[in-house]
Amino acid sequence: MNYTEFLKNKKQIDPDTGFAFDKSKLNDHLFGFQRDIVAWALKRGRACIFADCGLGKTIMQIEWAHRVNIHTSRPVLILAPLAVSTQTIAEGKKFGIDIKHLEETRDCGIVITNYERLHKCVLSDYSGIVLDESSILKSYTGHIRTQVIEESRSIPFRLACTATPAPNDFMELGNHAEFVGSMLRTEMLSMFFVHDGGETQKWRLKGHARTEFWKWVCSWAVMIRKPSDLGYSDDNFHVPNLQTHSIIVSVDEYECADGLLFRMPASSLQERQKERKLTVNDRAVESARLANSDKNQWLIWCNLNDEAAHIKSMIPDSVEVSGADSEESKVEKMMGFTSGKYRVMITKPKIAGFGMNWQNCHNMAFVGLSDSYEQYYQAVRRCWRFGQKKKVNAYIITASTEGAVVENIKRKERDAQHMAMEMVSNMHVYNEENIRGIKRDKGEYKVKTETGKGWIANLGDCVEGVSNLPDESIGYTIYSPPFASLYTYSNSDRDMGNCKDADEFAIHFKYLAGELFRVTQTGRLMSFHCMNLPTSKCRDGVIGLRDFRGELIRIFEDAGFTFHSEVCIWKDPVTAMQRTKAIGLLHKQLCKDSALSRQGIPDYLVTMRKAGENKHPVKGELDWFAGDKTTFKSTGKLSIDIWQRYASPVWMDINPSNTLQHRSAKEHGDERHICPLQLDVIERGMQLWSNEGDTVLSPFMGIASEGFTAVRLGRKFVGFELKESYFNQAVKNLAMAEKETMELI
């Protein structure tokens with residue numbers, strides 16, 4: 001394909017694969033925002049609905065499944081948590097849609113089963129699949145997650161629904177993207193995220209990638225906490241207040257550790273577990289007192305079997321749902337609580353904390369907390385949701401020495417609320433466009449040229465820019481290419497740093513390599529600065545190094561260049577360790593298992609040659625502004641001492657701090673890794689392989705480090721830069737170099 005077609009295909013917007021449906025013909029029970037979301041999801045074909053508790057995910061997914069079944073004349077499968085299946089079947093009846101348990105029949109248009117029975121399904125039998133409470137995909141190492149994603153690839157229609165895609169857990173979003181077939185999780189990490197080192201599971205959204213990331217997410221997902229998030233009225237969707245009560249159980253009467261006058265707050269997980277076991281009976285008494293104080297329904301959440309047993313013995317009209325119960329027993333008890341058959345239900349968040357609708361209950365008690373905010377949030381939302389008519393009371397009963405876990409949950413709650421607001425805010429504009437058809441203004445690709453005495457700076461795409469240069473017009477090229485998504489400098493699809501994987505980067509880069517070969521004079525050279533790239537277990541599947549240097553060499557060889565030479569540039573491994581916290585450079589890793597220890601990663605200046613006779617021999621002189629930085633005119637041939645230093649295969653004397661000032665080129669949201677090429681390296685390349693008056697090219701001009709040096713050394717310069725703020729700074733730097741040179745003449 002030509003370059004324009006490549007850029008069009010590179011856009012990270014997942015195309016629609018579904019079918020258009022007249023939303024006015026959808027179920028009359030749907031609210032306006034629900035009708036629009038279902039119509040969008042049908043058109044998408046493969047989509048995610050992230051709608052908060054009580055906003056009608058069940059009716060939306062049932063209607064979606066119903067329409068897919070009619071459209072394809074093939075059955076649709078719904079996977080749901082235990083007991084939610086029975087609840088969904090009942091909801092379907094209310095809306096006139098027939099749903100059957102998989103165990104009852106396989107002939108119904110819509111069948112439903114529990115995730116635990118996934119192994120009994122042949123997913124290829126279905127034209128559509130719905131994941132109810134799809135947060136199960138969060139566990140990206142779990143066998144259910146893997147089976148669901150792998151076996152769903154052949155299903156044309158896919159829908160994932162959950163109230164809480166953890167907004168601060170991008171892995172879960174990546175798994176949802178993989179389920180709907182938009183992008184692999186590893187591709188998402190490479191495309192939009194940077195790893196800050198140290199903690200291998202923590203990834204940070206690249207500053208430049210933020211807008212494009214949320215735009216991409218909105219191409220396959222909609223997130224809504226309330227109807228007004230999409231511009232609809234919030235009438236009928238007002239949630240009552242949630243009142244949280246803290247009850248602290250004293251531990252003063254319990255024996256203290258040796259040498260202590262009183263018990264200290266627990267600081268570790270083991271210490272917290274010990275404190276919980278000590279106060280099981282005391283906390284159970286408090287929860288029983290609350291539940292026995294009135295005749296309303298109560299939901300009591302616990303984490304330990306002993307807690308549940310104690311509470312059950314103290315509340316006569318209670319029922320316990322435990323992990324040891326059969327699936328049938330669990331369903332009977334949970335549905336019995338829904339119908340009011342049981343006044344008090346005792347269970348664990350991991351058993352019944354997902355999917356159930358219990359607006360019939362407005363009182364709950366947590367007999368202790370785990371460190372999982374998601375479990376706590378989901379448990380609260382079983383009762384505190386749209387459709388609840390009464391104020392919800394949540395009592396948190398903990399030992400006085402468990403303060404750390406309560407504060408931890410509160411901190412996670414604040415963080416989650418902040419992240420959810422940011423997620424909705426970022427997705428709002430794009431969701432409105434996708435769901436309601438509201439258009440937004442779009443930024444345009446800019447092209448501009450500035451010139452001076454001996455230099456030309458171009459704002460724009462280097463591939464298109466270099467393609468407009470005359471054949472054999474460049475005497476020498478030197479630059480530092482994008483490091484294949486290691487750093488991202490702009491959010492443009494034209495930016496080679498914005499590639500989902502190494503293959504896409506290579507394809508993009510080859511368009512430039514061919515043009516560079518064409519414009520290079522026969523017998524002349526091109527130098528590029530690079531490093532090999534570290535890989536991570538999360539993104540790449542293994543901790544190691546990627547031969548990025550070799551990949552670039554092979555790309556240029558394929559374009560016609562000859563591998564001419566290379567020099568290794570030494571870098572301080574201690575500085576690299578302090579900056580990246582790379583596991584291979586940590587001394588503690590050397591002591592733990594040195595099989596994972598490695599050397600630091602050096603830079604390389606690799607030089608390629610366009611074979612043939614050089615009609616304009618390079619003199620190899622020590623030119624302007626070399627040596628003591630004050631000599632303006634040529635001092636003649638490079639001395640033997642200098643040549644021996646330059647000819648060394650390893651340059652140990654490059655000053656890493658000798659770079660052009662770059663702070664003024666930073667924008668809001670920019671990455672901190674600007675990576676300007678050291679001026680020492682540029683000077684040596686130009687002294688060795690170019691003459692005074694030659695035209696020097698930099699296809700990735702940045703802030704014009706190469707151009708600044710070229711002008712000072714009496715060369716002409718042509719550069720291309722995609723990012724406008726860098727271009728503006730480059731123009732200033734080139735003008736400064738021109739002025740300083742003129743003053744010395």
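A few remarks follow.
- Members of the range 302-323 found to be under 42 Å from the mean Cα position of the chain (by Cα), more than 21 Å from residue 341 (Cα to Cα) and not in a loop (DSSP other than H, G, I, E, B), listed by number: 305, 306, 307
- Selection within the range 499-525 - out of contact with any Asp or Glu (no Cβ under 8 Å at 6 or more places or on another chain), part of a helix (DSSP H, G or I), of a type in the set (A, V, I, L, M) and under 17 Å from residue 479 (Cα atoms): 512, 516
- Among the residues of the range 57-87, the ones that are touching a residue at least 60 places away in the same chain (Cβ under 8 Å) and β-branched (Val, Ile, Thr) come to 6 in all.
- The numbered conditions (1) touching a Cys at 6+ places or on another chain (Cβ under 8 Å); (2) touching a residue at least 60 places away in the same chain (Cβ under 8 Å); (3) in a loop (DSSP other than H, G, I, E, B) are all true for residue 130 except (3).
- So residue 528, is it within 25 Å of residue 496 (Cβ to Cβ) and part of a strand (DSSP E or B): yes
- Filtered residue count, the range 519-562, keeping only those that are of a type in the set (Ser, Thr, Tyr) and modelled with pLDDT under 90: 2
- If you go through the range 339-372 and keep only what is surrounded by fewer than 21 Cβ atoms within 10 Å (Cβ to Cβ) and not in a loop (DSSP other than H, G, I, E, B), you end up with 339, 350, 351.
- Total residues in the range 186-229, condition modelled with pLDDT under 75 and of a type in the set (Lys, Arg): 4
The values are calculated or read from the model by the stated rules, or taken from the named source; none is laboratory data. Keep in mind it's a predicted model, so treat the numbers as computed, not measured. Cβ coordinates were reconstructed from backbone atoms using ideal geometry, including for glycine residues, and neighbour counts include every protein chain displayed.
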